[in-house]
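So the structure is just underneath, and the comments pick up after that.
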Amino acid sequence: MNLPERGPAQARIGIAIEVPEPWSAQLQAARARFGDPLAGDIPPHITVVGPTVVDEAVLPAVWEHLEKVTADMPAFRVHLRGSGTFRPISPVVFVNVVAGIAECELLEQSARSGVLAQELRFNYHPHVTVAHEVPDEALDRAFEEMADFDAEFDVTALWQYEHGDDGVWRKQRRFALRDA
């Protein structure tokens with residue numbers, strides 16, 4: 001995984017939609033089954049703002065920004081179904097977001113502004129990764145095995161995750177969507 005460098009008095013954060021149980025455990029087990037070494041370090045999620053380094057002193061401004069973003073966004077339903085891939089551009093297999101795409105895009109555009117404004121390496125495409133940087137055979141197997149995956153859930157919040165010194169991403173702060 002390509003992560004931005006973090007210095008002293010800085011935090012590496014990400015903003016994401018949590019995939020709830022029972023699907024979270026199923027997706028994490030699948031990622032481990034496909035041999036992804038980060039399966040235990042990255043909880044299943046839909047990225048809104050990818051890994052970003054901020055000064056710890058700026059975190060209150062990030063939180064204020066995200067409170068404003070989520071206050072304007074009503075809760076919505078996400079439907080995950082089937083598999084997709086970014087190959088040959090990137091060695092990734094994912095579960096597709098087939099409903100809730102527009103809402104995810106709106107959240108991403110709003111969140112990736114102000115204090116979190118940044119350029120993207122790739123166009124935003126909401127998804128849930130199930131295999132990343134594993135051998136081609138494992139990517140093929142992930143694509144085939146996840147083709148029938150199907151889950152629906154309500155999105156009621158965004159989460160700020162922090163990347164620990166141990167390499168694990170952990171939920172740090174919840175930002176409730178409007179009326180959630």
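The values are calculated or read from the model by the stated rules, or taken from the named source; none is laboratory data. Worth saying up front: this structure is predicted, and the values here are computed from it rather than measured. Reconstructed Cβ throughout: ideal geometry from the backbone, glycine too, with neighbour counts over all protein chains shown.
Would you mind finding the one in V98, V128, V78, V62 that is among the aliphatic types (A, V, I, L, M), at pLDDT 95 or above and under 13 Å from the mean Cα position of the chain (by Cα)?
Selected residue: V128, the only one of V98, V128, V78, V62 that is among the aliphatic types (A, V, I, L, M), at pLDDT 95 or above and under 13 Å from the mean Cα position of the chain (by Cα).
At least 1 residues being basic (K, R) is the threshold, and among the strands (runs of 3 or more DSSP E) wholly inside segment 1-95 those reaching it are 10-18, 76-85. Scanning segment 1-45 for residues being in contact with a helix residue (DSSP H, G or I) (Cβ under 9 Å, 6 or more places away or on another chain), farther than 23 Å from L116 by Cα and acidic (D, E) gives a total of 1. A single entry from V54, V62, V49 fulfils the requirement of being touching a residue at least 12 places away in the same chain (Cβ under 8 Å) and under 30 Å from A142 (Cα atoms): V49. Quick one: how many residues across segment 111-151 are loosely packed, with under 15 Cβ neighbours inside 10 Å and among the basic types (K, R)? Number satisfying all stated conditions: 1. Just one residue in the set T85, T70 is surrounded by 20 or more Cβ atoms within 10 Å (Cβ to Cβ), modelled with pLDDT of 95 or more, of a type in the set (V, I, T) and farther than 16 Å from K171 by Cα; that residue is T70. With the structure loaded, tell me whether F149 is touching a Gly at 6+ places or on another chain (Cβ under 8 Å), within 18 Å of E18 (Cβ to Cβ), of a type outside the set (A, V, I, L, M) and at pLDDT 95 or above or whether it fails that test. For F149, the condition - touching a Gly at 6+ places or on another chain (Cβ under 8 Å), within 18 Å of E18 (Cβ to Cβ), of a type outside the set (A, V, I, L, M) and at pLDDT 95 or above - is met.
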